[in-house]
1. Does at least one position in the stretch 61-68 carry a residue that is open to solvent by less than 50 Å² (accessible area, probe 1.4 Å), closer than 23 Å to Met91 by Cβ and either in a loop (DSSP other than H, G, I, E, B) or modelled with pLDDT of 95 or more (or both)?
2. In this structure, is Phe52 hydrophobic (A, V, I, L, M, F, W, C), touching a strand residue (DSSP E or B) at 6+ places or on another chain (Cβ under 9 Å) and under 18 Å from His24 (Cβ atoms)?
3. For the stretch 1-36, name all the residues that are in a strand (DSSP E or B) and either surrounded by 13 or more Cβ atoms within 10 Å (Cβ to Cβ) or modelled with pLDDT under 95 (or both).
4. Please determine, by comparing only the residues of the stretch 72-95 that are over 11 Å from the mean Cα position of the chain (by Cα) and open to solvent by 60 Å² or more (accessible area, probe 1.4 Å), which one is farthest from Gly29 (Cα to Cα).
5. In the stretch 39-73, which residues are in contact (Cβ under 8 Å) with a residue 40 or more places away in the chain and of a type in the set (S, T, N, Q)?
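The values are calculated or read from the model by the stated rules, or taken from the named source; none is laboratory data. Small disclaimer: the values here were computed from a predicted structure and weren't measured. Because the Cβ atoms are built from the backbone with ideal geometry, glycine has one as well, and the counts that use them run over all protein chains shown. Protein only, heavy atoms only, side chains kept; ligands, DNA and RNA dropped before computing areas. Shrake-Rupley method; radii C 1.70, N 1.55, O 1.52, S 1.80 Å.
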Amino acid sequence: STSQREASATATIGKANGVASYYHNKFNGRKTASGEVFSNNKLTAAHRTYPFGTSLRVTNPINGKSIVVKVNDRGPFTKGKDLDLSRKAFMQITDNPNKGNLQVLIEVIREWNKNATHSFFGLSEKI
């Protein structure tokens, strides 16, 4: 059926491998790019292009742990990093809490506008 093909295409397009880091506590209480107040105790993330409110499943392929986060900020702006997670989200999936970066699988799990063209790590796709 059409809906099964669309779901399959969305699942394929909405996945990418990337590097996640986490926010320093100094950002607690500051406003994010979306206008929300940041808290390291919430399950949120920053991404350079995803619309605010997009839900992402972030999985650590080493231990299989995953977490669902909501995009509410822009960044990271450091080369080689694709996602900034709240400390709570990062610590729930990391295999090494002493390490600041983590290889992850990022999946879009909430469709925000299926008629729009969206960019995922520089690749534009019509979903």
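1. The answer is yes, given that some residue of the stretch 61-68 is open to solvent by less than 50 Å² (accessible area, probe 1.4 Å), closer than 23 Å to Met91 by Cβ and either in a loop (DSSP other than H, G, I, E, B) or modelled with pLDDT of 95 or more (or both).
2. no
3. Listed by number, the residues that qualify are Lys15, Ala16, Asn17, Gly18, Val19, Ala20, Ser21, Tyr22.
4. My answer is Asp95.
5. Ser39, Asn40, Asn41, Thr44, Thr49, Thr54, Ser55, Thr59, Asn60, Asn72
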